[in-house]
Amino acid sequence: MKAILLSAGQGSRLAPLTADRPKCLLAVGPKTLIDWQLDTLKVCGIDEVAVVIGFQADMMEQHLARHDAPGFRVRPIFNPFYKVADNLGSCWMARQEMASDFLIVNGDTLFEAAIARKVLACPAAPITITIDRKPAYDEDDMKIVEEDGTLKAVGKKLPLEAVNGESIGMLLFRGKGPKLFVDTVEAMMRTADGAKVWYLQAIDRLARTGVVRTCLIHGLRWGEVDFPPDLDRARAMVAAWGEG
């Protein structure tokens, strides 16, 4: 199984910490954020990881080279459009990596191994989106609407009265799922606004066809690192894991 990490951005909302390094290289306890991601994927049986990079690409390449080894291949894919395109553009740059089954993870999602294991073991579906639930959702959450395990919609602007979960930034593509996703990404990138949208808008479009299933990981530990308080919570979370 291959994983694709979307780690091209700078993380400007964490400034000034990200003035000279991408947020995935910020320290979260004894490791950087991307170290936690790569080490966790490795223990979950992932043996190949393509990392889409952009900001401070040389620094990223040098860091990733430390993880590349026989049995666990890690290689960068440079996205030259990272300053002007959203992460649909990163997916488009990585489309050649999507010829077979793969797991995609946002570069700012910290997660425990139990989450990746549960997603990889979930019932077969072309596309599986990992979701969590909480009492209330805010405007920055990537909200979802699902019914009986089938995704109906995903986006930040969904009506709150319909929302019943959020995406954590991890999706699994199997069987016909990779081609469906690549074809949709290609079609969206050919539009005038293609470079300005999130890749989950492609998932929202595919959800209308009934091919996207959900995997609920409520009760397991994860966090998105966007703002300084998120970084503090992430550091507390890994401290509780007791790992180094």
* What share of Cα pairs, in percent, lie more than 27 angstrom apart in region 88-244? -> 22
* Structure fact -> Expressed in angstrom and rounded, the centroid-to-centroid distance over alpha carbons for region 39-65 and region 107-185 is 22
* In straight Cα distance, which aspartates and glutamates are under 13 Å from residue 134, not counting same-chain residues fewer than 8 positions off? -> 166
* Asked: Are any of the pairs 42/179; 31/83; 2/157; 23/143; 23/176; 42/157 more than 29 Å apart by Cα-Cα distance, and if so, which?
  -> 2/157; 23/176; 42/157
* Of 52, 145, 43, the one that fluctuates the most in a GNM where the chain has Cα springs shorter than 10 Å -> 43
* Work through the residues other than residue 92 whose Cβ is under 14 Å from its Cβ and net out their charges, Lys, Arg +1 and Asp, Glu -1. => -2
* Asked: Once you charge only the Cβ atoms, +1 for Lys and Arg and -1 for Asp and Glu, what is the size of the charge dipole of the chain about its Cα centre, to the nearest 20 debye?
  -> 420
* Looking at 197, 14, 91, which one has the Cα that reaches farthest to the positive end of the dipole of the chain (charges on Cβ: Lys, Arg +1; Asp, Glu -1)? -> 91
* Structure fact -> With the charge dipole of region 91-244 built from beta-carbon charges (+1 for Lys and Arg, -1 for Asp and Glu) about the Cα centre, the Cα from 115, 222, 102 projecting farthest to the positive end belongs to 102
* To do: Please give the net charge around residue 135, taking every other residue with its beta carbon less than 15 angstrom from that of residue 135, where Lys and Arg add +1 and Asp and Glu add -1.
  => -2
* To do: Sum -39500 (n - 2.57) across every DSSP H segment of at least 4 residues in the chain, then divide by the residue count to get the 222 nm mean residue ellipticity, nearest 500.
  => -8500 deg cm²/dmol
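We did not get these values from a lab; they are worked out from the coordinates using the rules stated. Just so we're clear, the structure is a prediction, and the values are computed from it rather than from any experiment. As a convention, Cβ positions derive from the backbone with ideal geometry for all residues, glycine included, and neighbour counts pool all protein chains shown.
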